[in-house]
Amino acid sequence: MGVEGGMKCVKFLLFFFNFIFWICGLALIVVGILVQLALHKTFMIRDATASGAPIVLIGIGVVIFFIAFFGCCGAWKENYCMVTTFAILISLIIIVEIAAAIAGYIFRNKISNVVQDSLTEMITKYNNSSAEFRDTVDKLQEDLKCCGVNSSTDWKHFKPAGNSVPDSCCKNVTASCGIGTMTDAAKVYQKIMGIVFSCMLMRGIRSGYEVM
């Protein structure tokens, strides 16, 4: 026999909050995938393990997704074992999420440094790298409409004269448009690549915290 009275209200409340929790898990998965896609090429160029953060985010989202689904079923079917198991699992998840949030805050500067170092290394290796590598760097600058990590002067060793940048830095990309235009703000993007990537990463991490 199903629950009656106040317990019936509790049942539907539990189902409702589990449904919200299920959506949060789905949101974490989406955020993790978006961050992974946005930073995949940059991280993979330097160190494949650096992309572990969004993968962990996806993993947590998957766990939350299934636990919340488990809770919804337990509440709807009024199964004591399922509800009890859910309560235990959700308590463990909350503890893990708090620990993850603390760890993320403590190591936030290290994550930022990984991005900064990856971008700097990309510029350093640009001239002596494969065409595929250069195409990746060029595409990043074109897509993000930026030039260099901190400014266009990061490309000072791009050419012997020290006053040129890759063509991908130009606002209007044409052949050899970057020659002699390092400090020409009218032709070269002055937006900082490091800030762009840091903002992307912070937004992804913040979104992950908001849905936890």
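Hey, among Val149, Val173, which residue is in contact with a Gly (Cβ under 7 Å, 6 or more places away or on another chain) and not in a helix (DSSP H, G or I)?
Numbers: Val173 fails: in contact with a Gly (Cβ under 7 Å, 6 or more places away or on another chain).
Answer to the check: Val149.
If I go through segment 22-49 residue by residue, how many of them are of a type outside the set (D, E, K, R) and modelled with pLDDT under 80? Explain how you work it out, then say what you get.
If we filter segment 22-49 for residues that are of a type outside the set (D, E, K, R), which is where we start, we get 22-40, 42-45, 48-49.
Add one more test, that the residue is modelled with pLDDT under 80, and what stays is 35-40, 42-45, 48-49.
Number satisfying all stated conditions: 12.
Residues are listed down the side, and each one gets a yes or a no for (1) modelled with pLDDT under 80; (2) surrounded by 14 or more Cβ atoms within 10 Å (Cβ to Cβ); (3) assigned to a helix (DSSP H, G or I):
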| position | (1), (2), (3) |
| --- | --- |
| Val63 | no, yes, yes |
| Val83 | yes, yes, yes |
| Ala99 | no, no, yes |
| Met122 | yes, yes, yes |
| Val137 | no, yes, yes |
| Glu142 | yes, yes, yes |
| His157 | yes, no, no |
| Asn163 | yes, yes, no |
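The values are calculated or read from the model by the stated rules, or taken from the named source; none is laboratory data. Being a predicted model, the structure only gives us computed values, none of them experimental. Note that each Cβ is placed from the backbone with ideal geometry, even for glycine, and that neighbours are counted across all protein chains shown.
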